[in-house]
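The values are calculated or read from the model by the stated rules, or taken from the named source; none is laboratory data. Just so it is clear, the structure is predicted and the values come from calculations on it, not from any experiment. Here the Cβ positions follow ideal geometry from the backbone for every residue, glycine too, while neighbour counts run over all protein chains shown. Side chains are part of the model used for accessible areas, which takes the heavy atoms of the whole protein and leaves out ligands, DNA and RNA. Shrake-Rupley method; radii C 1.70, N 1.55, O 1.52, S 1.80 Å.
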Amino acid sequence: MSTIFYTDPELVIALSKRIIFVNPNDLQIFKEIVLPEDLTKCGLKIVTNTGNEGEQQEEETKQQQNLSKEQPTLQHVKMSPNHQLLAVTTAGQKALLLYHLRPEHAKLVSIRSLARASSALAFSSDSKRLLVTDKTGDCYEYDCENYEAVPKLLLGHLSIVYDILWSTDEKFIITCDRDDKIRVTNYPATYDVHSYCLGHKEFVAGLELLNDDVLVTISGDKTLRLWDFKDGKELKSIELPAPGIKFASKCLESGKYEISVLLHQPNECVATFNLSQKEDKEWEFSTPQLLSFSDMICCNLCYAQDRLYVTGVVNDHLVVKLSANSPEAPLNWLKMVEEQFKEYTWTPEDISAWFKKKYDNVTEYLERKKRRIEEKQK
């Protein structure tokens with residue numbers, strides 16, 4: 001999975017086994033992280049609970065041997081708000097890694113086993129806690145100070161969670177899933193659901209807070225919606241040219257934003273528009289501007305200052321491009337970034353699997369019933 005995000009002054013780009021921290025205004029690479037070839041040699045251990053001590057030890061040894069044959073690859077990457085920690089989850093050898101970031105390098109300080117592949121990450125505002133959701137819909141809280149602490153199961157969905165975030169005051173955890181639900185859960189009393197934001201008809205791919213009270217979401221149902229998430233009330237909905245799979249936003253000034261949505265369609269695969277709140281508190285959208293990225297499978301996007309970066313795949317290799325309305329990058333900057341990942345080939349995730357599968361098991365039943373009736377009448 002490719003990752004790109006900006007935390008002033010660094011643009012972070014990750015793919016396969018490498019993470020680089022680069023200056024978007026020159027050719028400087030601040031630092032880089034390369035995943036170890038075998039996480040078991042760095043302390044990754046399997047823990048089982050069979051009840052019988054002898055059987056447990058035997059099972060752990062067996063799983064540990066099988067685990068060492070896997071190859072870890074990057075799944076998700078997230079930087080803490082204080083810029084001191086980087087959380088990395090891996091596939092293959094499923095693990096949560098925490099790196100302590102310093103100006104010149106990053107040090108691996110914690111490695112913990114994950115039972116299942118991660119689907120989203122979110123740090124608390126004080127950088128002391130990390131939420132990790134997995135592909136079965138469970139959400140765990142990890143302590144980022146006491147690395148030996150057992151993770152806490154906070155909540156669960158019945159399908160894969162695609163995004164997660166804390167409310168500004170951290171009284172709520174907001175999650176969205178493949179079954180078109182947006183759930184607002186009280187924190188720390190996560191056994192209590194505060195509200196649902198219901199209205200999407202397909203998977204909800206992304207969440208972001210515009211302010212303390214307004215949530216923006218995108219979905220496979222070709223809509224972008226604004227919500228008063230505390231009341232579960234929809235404030236505004238606009239049609240997108242195609243299903244939305246990722247989005248990025250930047251604040252232009254108080255109450256005004258620019259939003260770019262990555263669309264599930266070829267060529268004109270990014271829609272950019274302005275969003276503003278009028279004096280009567282109503283929200284207004286400009287007409288979307290479609291940006292074309294031909295001959296490229298687009299996978300991610302982010303704003304870095306005044307530039308909009310889009311990452312994707314050409315001939316199984318990472319490419320990085322700027323939107324047509326962005327200021328030019330320094331000469332050879334894009335080429336320099338792509339060179340860092342030239343040894344890695346990859347295939348983007350098949351987004352079509354995110355959509356609901358609609359099975360018609362009634363027609364076949366009625367046909368069989370009709371034939372049985374006709375046979376009896378003969």
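Looking only at the stretch 121-134, residues that are of a type in the set (K, R) and either part of a strand (DSSP E or B) or crowded, with 16+ Cβ neighbours inside 10 Å (or both) come to 1 in all.
Screening L331 against (1) assigned to a loop (DSSP other than H, G, I, E, B); (2) closer than 17 Å to F5 by Cα; (3) of a type in the set (A, V, I, L, M); (4) without any contact (Cβ under 8 Å) to a residue 60 or more places away in the chain leaves a single unmet condition, (2). For first residues located in the stretch 273-286 and of a type in the set (A, V, I, L, M, F, W, C), partners that are part of a loop (DSSP other than H, G, I, E, B) and lie 6+ apart or on another chain with Cβ distances below 8 Å form the pairs F273/S286; F273/T287; F273/P288; L275/L210; L275/S286.
The residue of the stretch 325-364 that is nearest to S16 (Cα to Cα), among those that are at pLDDT below 80 and open to solvent by 100 Å² or more (accessible area, probe 1.4 Å), is K357. Exactly one residue among D177, D169 is acidic (D, E) and open to solvent by less than 20 Å² (accessible area, probe 1.4 Å), and that residue is D177. Give me the pairs: first residue in the stretch 106-120 and closer than 15 Å to C42 by Cα, second residue part of a strand (DSSP E or B) and open to solvent by 20 Å² or more (accessible area, probe 1.4 Å), beta-carbon distance under 6 Å, and six or more apart or on different chains, which are they? Partner pairs satisfying both residue conditions: K107/H100; V109/H100. Can you find, within the stretch 215-227, the residue that is most open to solvent (accessible area, probe 1.4 Å) among those that are touching a strand residue (DSSP E or B) at 6+ places or on another chain (Cβ under 6 Å) and more than 23 Å from Y309 (Cα to Cα)? So the residue we want is R225. Among the criteria (1) under 16 Å from the mean Cα position of the chain (by Cα); (2) closer than 17 Å to L209 by Cβ, the one D169 does not fulfil is (1).
Summed over the stretch 298-324, residues that are surrounded by 21 or more Cβ atoms within 10 Å (Cβ to Cβ) and in a loop (DSSP other than H, G, I, E, B) total 0. Criterion applied to C251, C269 was being of a type outside the set (A, V, I, L, M), loosely packed, with under 15 Cβ neighbours inside 10 Å and within 22 Å of the chain's Cα centre (by Cα), and the one residue passing it is C251.
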